[in-house]
Amino acid sequence: PVCSYNTRWEQWWEVPPERIKVIHNGADPEKFKPQYRPPNSHPVVINMGLIFALKGQLTLIESAAIVRDKFPDVEFRLYGKPSDLDYFDRCQQKVKEHHLENTVNFAGFTDEPWRIYGVADVVAISSISEGFPYAVIEAMLCGAAIVSTDVGGVEEALGDTGLLVPANRPIDLAESIIKLLSLTPGQRINIGEKSRHRALELFTLKKCIQTYLDLYLQLIRQARISELKIANKS
């Protein structure tokens with residue numbers, strides 16, 4: 001499993017604990033890294049992910065209406081392809097319902113997410129279900145100030161370097177976004193540096209690959225030992 005949260009699946013199937021090995025996802029810190037940029041002319045909140053129900057964009061849009069009351073010029077940019085067109089239509093209707101046409105921007109797909117995280121004042125993740133999302137560790141490596149719903153392995157990833165809120169709670173999500181936007185740019189940079197340091201220590205692509213390699217080598221050694229024992233007995 002890619003996080004301790006997901007070990008519940010193996011536990012349900014009564015896999016012995018010693019046969020469960022968590023290997024967290026990793027991302028490339030040479031690609032996902034902080035980028036120098038001039039300050040935004042207005043607050044920018046970034047969300048990255050396919051647009052469908054499990055990613056919770058409806059909740060984020062409701063939060064945007066609350067945040068706008070505090071920061072009238074805030075912009076929410078939602079990056080990702082709509083994988084559920086009915087849900088995407090509901091999101092668009094929610095934008096119209098709250099008169100957020102000048103606040104919420106469906107920015108579409110990007111193949112350079114590291115550049116997008118680089119312009120964010122806040123990265124907001126609104127999922128109602130996750131495993132160990134790449135969006136979180138990529139944003140961490142980019143030094144972003146992050147608020148996320150407390151689902152799946154997100155808490156394992158963020159530790160104390162970001163804000164966590166319950167899923168499907170737009171008011172709580174909005175209050176945390178407001179809290180981060182109310183900080184100075186320097187304070188948000190400090191939070192992002194802490195996130196990046198944690199991700200560099202725990203969630204790099206190199207560390208992920210090396211852990212898999214070490215496990216494969218361990219299994220090969222165990223198999224060879226078993227073969228030798230069988231051969232000796234015969």
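The values are calculated or read from the model by the stated rules, or taken from the named source; none is laboratory data. This structure is a prediction, so every number in the text was calculated from the model and none was measured. Backbone-built Cβ (ideal geometry, glycine too); neighbour counts: all protein chains shown. All accessible areas refer to the heavy atoms of the entire protein, side chains included, with ligands and DNA or RNA removed. Shrake-Rupley method; radii C 1.70, N 1.55, O 1.52, S 1.80 Å.
Whenever a residue of the range 215-233 is within 17 Å of residue 19 (Cβ to Cβ), it has no partner that is part of a helix (DSSP H, G or I) and open to solvent by 100 Å² or more (accessible area, probe 1.4 Å) lying with C-beta atoms less than 6 angstrom away and at least six residues away or across chains. Looking across the range 50-94 at every residue that is open to solvent by less than 60 Å² (accessible area, probe 1.4 Å) and small (Gly, Ala, Ser), the one that is nearest to residue 121 (Cα to Cα) is identified as 64.
Of the strands (runs of 3 or more DSSP E) lying entirely inside the range 95-213, the ones with 2 or more residues being open to solvent by less than 20 Å² (accessible area, probe 1.4 Å) are found at 122-125, 146-149.
Counting only residues that are among the hydroxyl-bearing types (Ser, Thr, Tyr), assigned to a helix (DSSP H, G or I) and over 21 Å from residue 119 (Cα atoms), how many does the range 50-87 have? Outline the logic, then answer.
At the first step, the residues of the range 50-87 found to be among the hydroxyl-bearing types (Ser, Thr, Tyr) are 59, 63, 79, 83, 87.
Those left that are additionally assigned to a helix (DSSP H, G or I): 59, 63, 87.
Next, from what is left, pick out any that are over 21 Å from residue 119 (Cα atoms): 59, 87.
Qualifying residue count for the region: 2.
Any residue that is in contact with a Leu (Cβ under 9 Å, 6 or more places away or on another chain) and more than 23 Å from residue 195 (Cβ to Cβ) - is there at least one of those in the range 34-46?
Narrowing the range 34-46 to residues in contact with a Leu (Cβ under 9 Å, 6 or more places away or on another chain): 34, 43, 45-46.
Then keep just the ones that are more than 23 Å from residue 195 (Cβ to Cβ); that gives none.
No: zero hits.
The listed residues are 6, 47, 40, 25, and the only one of them that is assigned to a strand (DSSP E or B), at negative phi and polar (S, T, N, Q) turns out to be 47. For the range 22-49, the set of residues classified as free of Cβ contacts under 8 Å to residues at least 40 places away in the same chain and open to solvent by 60 Å² or more (accessible area, probe 1.4 Å) consists of 30, 36, 38, 41, listed by residue number. Any residue in the range 95-114 that is under 25 Å from residue 27 (Cβ atoms) and of a type in the set (Lys, Arg) sitting within a Cβ distance under 8 Å of a residue that is at pLDDT 95 or above and not in a helix (DSSP H, G or I)? List the pairs, counting only those 6 or more apart or interchain. From residues that are under 25 Å from residue 27 (Cβ atoms) and of a type in the set (Lys, Arg), there are no pairs. In the set 10, 18, only one residue is at pLDDT below 95, touching a Lys or Arg at 6+ places or on another chain (Cβ under 9 Å) and surrounded by fewer than 18 Cβ atoms within 10 Å (Cβ to Cβ); that residue is 10.
Are any residues in the range 23-52 of a type in the set (Gly, Ala, Ser) and closer than 20 Å to residue 153 by Cβ, and if so, which ones?
If we filter the range 23-52 for residues that are of a type in the set (Gly, Ala, Ser), which is where we start, we get 26-27, 41, 49.
Answer for the range 23-52, where residues must be of a type in the set (Gly, Ala, Ser) and closer than 20 Å to residue 153 by Cβ: 26, 27, 49.
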